[in-house]
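The values are calculated or read from the model by the stated rules, or taken from the named source; none is laboratory data. All figures in this text were calculated on a predicted structure; none of them were measured in a lab. Cβ: placed from backbone, ideal geometry, glycine included. Neighbour counts: every protein chain shown.
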Amino acid sequence: MKKTSLTEGTILGPLLKFGAPVLLALFLQSLYGAVDLFVVGRFSESADVSGVSTGSQIMMTLTNLVSSFSMGVTIMLGHQIGQGRTKDAGKTIGTGIVLFLIIGVFLSALTAIFASPISHTMQAPAEAFSETVSYVRICGLGFIVIIFYNLIGSIFRGIGDSNTPLVTVAVASLVNIGADLLLVAGFKMGAAGAAIATVFAQIVSVVFSIIFISRRKVPFEFKMSDISFDGAIVKHITKLGLPIALQDLLVGISFLVIMAIVNSLGLIFSAGIGVAEKVCAFIMLVPLSFMQSMSAFVAQNVGAQKYGRATKALCYGIIVSLSFGVIMFFAAFFHGTIFTEIFSKDPEVVVAAAEYLKAYAIDTMLTSFLFCFIGFYNGFGLTRFVMIQGIVGAFCIRIPLSFLASRITPPSLFKIGLATPCSTAVQILLCFGCMIYVKKKFLSKNTAA
C-alpha cells in the first residue's frame, strides 16, 4: 500500500497528494447518489423523483451519522500512527469492527421497521409517499453494509492511505450505474429499483474491499484476536466520534426539517430541492475533501506534536478550497439551470431547483473556511466544539430562517436556501474564536513544521 507521509517534508504537496484521492472518492460518491436521481428523473415520474429525493435525504442523514461517528476511529488511528503505536492501531480497528457491527444491526432494523412513520414525519407528498417508503425500507435493510462501506474508508484515511477508499468507491459507483440502468431504465422499478441498486452496489464493494485489503501490506499490526469489544477503546472512540456524530445528526435533522418545510409547499418544490441537493453534492466537493483530508493530516501531526505544521495545513487548505469556491459560485449562481436540467425533464422542477441552487452558490465560498476549520479541529480532538458550532448554526440560524422564509408569499426556494449561508457565516465566526484557545493551549508550546 502506498502511504503518503503526512508528518515530514513540505506541507502543501503531501496535503494535495493525500487529498486528491479523497476528492475523487467524494466525486464518485456524489456521482453514485446522483445516478439514482438522474436515471429515475429520465425514466420515471415526478413522484419517483420526489421519493428518491426525500428517501435519499433520510438515508444520507443516517449514513452521515455513522460516518461521522467513525471519525473517532480516524482521529484515534491518526494519533496512534503519528506516535508509532502500531499494535494499538490494530486493536482500535478490531474494536471498531465489532462496535459498528452492533450499530449496523440496530439501525438496519430500526429503519426497515419504521420506514413509513419516518416518511410521514418528513411530510413526503401524498403522490410520492409509497415511493419514499419503499426507498427508505430497502436501503434500511441494507444499512449494515452501508456502515461497513463507510468504516473501511475511515480506517484507511486514518492511517494515511486515501487510495484504497477511492478504489472501493469506484467499484460501488460502477456497479450502481449498471444496476440503476437495469432496474430503473430497464425494468421500470422506479424508486424501489434505485434503492436496490444502491444496496447491491455497496455489498459488492464491501466484498471486493475485504479481498483487496487482505492482499496488501498495512502499517499496523492486526490479528484476528484484535476483533473484540474493548471497553476502553470504545470509550475513546465514543469520546472523539460521538460529538461529531451528534453534530452531523442534528445538522442533518435541520436539513430534514427544511426538506419537510419545502415538502409542505407541494410536489414541484419537493422535487426541486431534491435535484438541487444532488447538484450541491458536486459543487461542495473541494471543501468537503479538504475537511476529510485535514482531519487525517492534522491528527497525525498532533500525534507527532507538530502543531505548527497542522496550522499551516489549515491555511493552505483554505486558500486552495476558496479558489475553487469562487469558480463554483459563478457557475452555480449564474448558470444553475445547466446543472439542474441534468436531473429532471420537468421544466418547473428545473427552475425551482435552480432558484435553491443560487442560495447554495453563496455557501460554496463560505464553506471553504468552515469545512477546513472543522477538519482542523477534529484532528486536534476538539470534537465537542465542532458539535457546539454545528448545533448553533443549525438550530439557532438555519431552521428558524428557513421557516420564516417559507412563510413569505409567494414562496421562494431562493429565500429558503439563504438560511444555509447565513448559518455558515455565524459558524465561521465561532471557529475564529476557537482559534484563540488553540493558540494558547497548543501553538504557544510547539510551532514545529
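The table below gives the values:
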quantity: Some residue of region 207-220 being in the same structural domain as Val136 (by the TED database), farther than 30 Å from Ser130 by Cβ and in contact with a Lys or Arg (Cβ under 7 Å, 6 or more places away or on another chain); calculated: yes
quantity: Output for region 281-297, where each listed residue is under 12 Å from the mean Cα position of the chain (by Cα) and either modelled with pLDDT under 85 or not in a helix (DSSP H, G or I) (or both); calculated: Ala281, Phe282, Met284, Gln292
quantity: Considering residues of region 1-54 that are basic (Lys, Arg) and not assigned by the TED database to the domain that holds Asn163 only, the residue surrounded by the fewest Cβ atoms within 10 Å (Cβ to Cβ); calculated: Lys2
quantity: Helices (runs of 4 or more DSSP H) contained in region 345-449 and holding at least 1 residues in the same structural domain as Ile327 (by the TED database) and acidic (Asp, Glu); calculated: 347-380
quantity: Residue that is surrounded by the fewest Cβ atoms within 10 Å (Cβ to Cβ) [pool: residues in region 241-256 that are at pLDDT 85 or above and out of contact with any Leu (no Cβ under 8 Å at 6 or more places or on another chain)]; calculated: Leu242
quantity: Single residue of Thr311, Thr337 found to be among the polar types (S, T, N, Q), more than 23 Å from the chain's Cα centre (by Cα) and within 30 Å of Ser44 (Cβ to Cβ); calculated: Thr337
quantity: Every residue from region 117-128 that is part of a helix (DSSP H, G or I), touching a residue at least 24 places away in the same chain (Cβ under 8 Å) and more than 23 Å from the chain's Cα centre (by Cα); calculated: Glu127, Ala128
quantity: Qualifying residue in region 154-163 (condition: surrounded by fewer than 23 Cβ atoms within 10 Å (Cβ to Cβ) and among the basic types (Lys, Arg)); calculated: no
quantity: Phe334 touching a helix residue (DSSP H, G or I) at 6+ places or on another chain (Cβ under 9 Å), farther than 26 Å from Leu246 by Cβ and assigned by the TED database to the domain that holds Leu265; calculated: yes
quantity: Residue that is modelled with the lowest pLDDT [pool: residues in region 417-446 that are among the β-branched types (Val, Ile, Thr) and in contact with a Phe, Trp or Tyr (Cβ under 7 Å, 6 or more places away or on another chain)]; calculated: Val438
quantity: Residues (surrounded by 22 or more Cβ atoms within 10 Å (Cβ to Cβ) and touching a Pro at 6+ places or on another chain (Cβ under 8 Å)) located in region 55-88; calculated: Ile81
quantity: Val98 vs. criteria aliphatic (A, V, I, L, M), outside any loop (DSSP other than H, G, I, E, B) and modelled with pLDDT of 90 or more; calculated: yes
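Results for (1) over 20 Å from the mean Cα position of the chain (by Cα); (2) surrounded by fewer than 22 Cβ atoms within 10 Å (Cβ to Cβ); (3) over 20 Å from Asp36 (Cβ atoms), shown as yes or no for each residue.
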residue	(1), (2), (3)
Phe106	yes, yes, yes
Leu110	yes, yes, yes
Phe143	no, no, no
Ile146	no, no, no
Leu174	no, yes, no
Leu182	yes, yes, no
Ala191	yes, no, no
